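Read the structure below first, then the notes.
The values are calculated or read from the model by the stated rules, or taken from the named source; none is laboratory data. All of these numbers come straight from a predicted model, not from anything done at the bench. Cβ: placed from backbone, ideal geometry, glycine included. Neighbour counts: every protein chain shown. With ligands, DNA and RNA removed, areas are computed over all heavy atoms of the protein, side chains included. Shrake-Rupley method; radii C 1.70, N 1.55, O 1.52, S 1.80 Å.
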Amino acid sequence: MEEVAPNVFRASGTDVNVVILRDGGALTLIDGGYPGDVAAVEDAIRRLGRRPQDVEAMLLTHAHIDHMGAVVAFHEQYGIPVLTDPVEVAHARRDYLEQATGRDFVPMLHKHGVLPWLLRIARAGATRQLSVEAGGFAPGEALDLPGAPVPVATHGHTSGHTAFHLPGPGVVVTGDALVTAHPLSKLRGPQLLPQVFDHGGHHTLTALDQLAALDADTVVPGHGPAVFMPVAAAVDQARRRAR
Ligand SMILES: [Zn+2]
């Protein structure tokens, strides 16, 4: 676990990040890894001297299975509320699914690393069916939660994808709108996800405009390490590398 800024922690699931915001004894969880990452998320919370019950609310950047694991588990076990962008609520409920499935990866099975990655995420529960009844928040307004995150609508990767800005410590949690590494990418550093993961096509590029406008020098992505540079510079790099 890495404290990327005061009281902002990045913990690792299976090739995916979980972010914990701390305010005294209370926590906010942003994303929850795969279903198989629940124990890792709980362990990260306990290493901060806290219990899952100390999480006041859980935020979803988007309702893909690799971000929902501990969020759904803790919601079911402890009744902790889940919040996401109003557009993403129906996706979290699984009224529809905007996610790549195994079939989408068949054409790339011959590529280096793809099969081991598929086996690894299958073990982590990538094929499980999860859904959760989330509440919707108002984008652009600080949430009354530990860390006071401000949701930033970055629709594109999914129809209701959201990032979270922490104006105090100057951090942005970008979810899958911008990542810094992925097992299916040879690149290191700020980039978009390989296109197979994106639902929104060109909207993923538009979403970068929302990120570039933020005042933040620490970028915590959904996949890959945190990077310490102005988010506008990270966005520039991702744009230059985009397909
Ligand atoms: Zn995703």
**OP:** Please tell me if M108 is farther than 18 Å from V152 by Cβ and at pLDDT 95 or above.
**Re:** no
Original post:
Can we say G33 is away from the ligand (no atom under 15 Å from the Cβ), assigned to a loop (DSSP other than H, G, I, E, B), at pLDDT 95 or above and on the phi > 0 side of the Ramachandran plot?
Top reply: no
**OP:** List the number of the failed condition for V171; all other conditions in (1) out of contact with any His (no Cβ under 8 Å at 6 or more places or on another chain); (2) crowded, with 24+ Cβ neighbours inside 10 Å hold.
**Re:** (1)
**OP:** Hey, can you tell me all the residues within region 93-110 that are under 18 Å from L193 (Cβ atoms) and touching a residue at least 24 places away in the same chain (Cβ under 8 Å)?
**Re:** E98, Q99, A100, G102, D104, F105, M108
Original post:
Can you name the residue in region 189-199 that is modelled with pLDDT under 95 and part of a loop (DSSP other than H, G, I, E, B) and, of all such residues, is most open to solvent (accessible area, probe 1.4 Å)?
Top reply: H199
Original post:
What is the one condition in (1) open to solvent by less than 10 Å² (accessible area, probe 1.4 Å); (2) within 20 Å of P151 (Cα to Cα); (3) within 14 Å of the chain's Cα centre (by Cα) that L83 does not satisfy?
Top reply: (1)
**OP:** Out of G32, G13, G49, report the one residue that is touching a His at 6+ places or on another chain (Cβ under 8 Å) and not aliphatic (A, V, I, L, M).
**Re:** G32
**OP:** Inspect all residues belonging to region 147-155 and state whether any of them is under 15 Å from the mean Cα position of the chain (by Cα) and without any contact (Cβ under 8 Å) to a residue 40 or more places away in the chain.
**Re:** yes
Subject >> Residues satisfying the stated conditions in region 44-66, i.e. farther than 22 Å from A163 by Cβ, in a helix (DSSP H, G or I) and touching a residue at least 12 places away in the same chain (Cβ under 8 Å) >> reply: I45, R47, P52, Q53, D54
Original post:
Is it true that some residue in region 213-220 is within 24 Å of E3 (Cβ to Cβ), crowded, with 16+ Cβ neighbours inside 10 Å, acidic (D, E) and away from the ligand (no atom under 13 Å from the Cβ)?
Top reply: yes
**OP:** For residues that are farther than 21 Å from Q129 by Cβ and without any contact (Cβ under 8 Å) to a residue 60 or more places away in the chain, scanning just region 25-39, find the one that is most open to solvent (accessible area, probe 1.4 Å).
**Re:** G25
**OP:** Among residues belonging to region 227-240 that are touching a strand residue (DSSP E or B) at 6+ places or on another chain (Cβ under 6 Å) and more than 14 Å from A177 (Cα to Cα), point out the one that is most open to solvent (accessible area, probe 1.4 Å).
**Re:** F228
